[in-house]
Amino acid sequence: MIDTELALVRRPFVFMRHGETPANAGHLICGSTDVPLSPKGEEQARSAAWLGSYNWSCVATSQLQRARSTAQLALPERTLISVEDLQERYWGALEMAPLTEQTPYEETPPDGEPWIVFKYRVVHALNQLLNAYDLPLIVAHSGVYRVIRELQTGTPQGPRIENAEPVLIEPQADGWDMTLLKEIWFEQR
């Protein structure tokens with residue numbers, strides 16, 4: 001069931017997860033541990049340079065280096081807005097543990113951040129951006145995307161969003177539409 005107290009401002013935006021990190025490649029729960037991009041992640045970010053052809057009202061990132069670096073490599077000419085509350089969930093004792101040990105999203109990991117606290121933090125940050133900017137590009141984490149997914153579908157469950165693959169998220173009369181931005185961009189070319 002979708003929590004009606006939590007809702008996104010009904011404005012379009014683009015969300016992109018950061019590029020790959022060594023923790024991602026090692027199938028580890030990275031959470032709020034501040035790790036850099038891997039060489040593959042740097043290449044993924046550079047491959048998103050086509051995003052520079054859009055006139056973003058802002059480019060906002062998490063304060064964690066993997067998100068900031070992704071945005072800097074993809075859009076080197078743009079000024080970035082760093083938003084603390086877009087940081088990935090703190091997984092407590094599970095930080096840097098194998099993904100096989102991850103608890104369900106709605107459960108609080110040992111010594112970690114409760115899902116509802118994380119969700120409120122992320123929605124507040126997203127809504128501040130959506131109220132201030134017409135079409136922001138937001139570069140953050142898979143957990144942030146899971147919050148967006150839950151608000152749109154009622155569950156955070158589902159496949160992990162790919163690294164450095166921007167998704168256009170648009171309000172529709174009956175909910176939200178989520179489309180890989182690359183598909184739209186290449187159709188217009």
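The values are calculated or read from the model by the stated rules, or taken from the named source; none is laboratory data. Remember, predicted model here, so these are calculated numbers, not experimental data. Heads up, the Cβs are rebuilt from the backbone with ideal geometry, glycines too, and the neighbour counts pull from every protein chain shown. SASA here: full protein model, heavy atoms, side chains in, ligands and nucleic acids out. Shrake-Rupley method; radii C 1.70, N 1.55, O 1.52, S 1.80 Å.
Per residue, the solvent-accessible area of the chain (1.4 Å probe, heavy atoms of protein chains only, all protein chains present) comes to 47 Å².
Working from label points 7 Å from Cα in the Cα-to-Cβ sense, the T33 to L6 distance is 2.5 nm.
Taking every eigenvalue of the Cα gyration tensor of the chain, multiplying by 5 and rooting it, what semi-axes result, largest first, whole Å? If you can, show how the numbers build up before the last one.
Values: eigenvalues 114, 89, 42 Å².
One finds semi-axes of 24, 21, 14 Å for the chain.
Once the piece of chain linking E84 and V117 is laid out straight, how much longer is it, given 0.36 nm per residue of separation minus the C-alpha distance between them? Please list the in-between numbers first.
Working: separation 33, 0.36 × 33 = 11.88 nm, distance 1.42 nm.
Taking 0.36 nm per residue and subtracting the Cα distance, the gain is 10.5 nm.
Given the options A140, A132, A45, which has the most mean-square fluctuation in a GNM of the chain, springs set between C-alpha atoms less than 10 angstrom apart? Greatest mean-square fluctuation among the candidates belongs to A132. What the Cβ-Cβ distance of A132 and W176 gives, at R0 = 25 Å and to the nearest 0.05, is a FRET efficiency of 0.80. Extension gain, N55 to E101, is 12.4 nm, computed as 0.36 nm per intervening residue step minus the present C-alpha separation. By its C-alpha gyration tensor, with a ≥ b ≥ c as the square roots of the eigenvalues, how is the stretch 1-99 shaped: rounded for a/c under 1.5, else prolate for a/b larger than b/c, else oblate? Oblate. Among the protein heavy atoms of the stretch 87-189, carbon and sulfur supply 51% of the accessible surface, probe 1.4 Å, non-protein parts ignored.
Percent antiparallel among DSSP beta bridges with both residues in the chain, to the nearest 5?
Bridges in the chain are about 50 percent antiparallel.
In plain terms, the chain from T153 to S47 could stretch by 35.2 nm, reckoned as 0.36 nm per residue minus the Cα-Cα distance.
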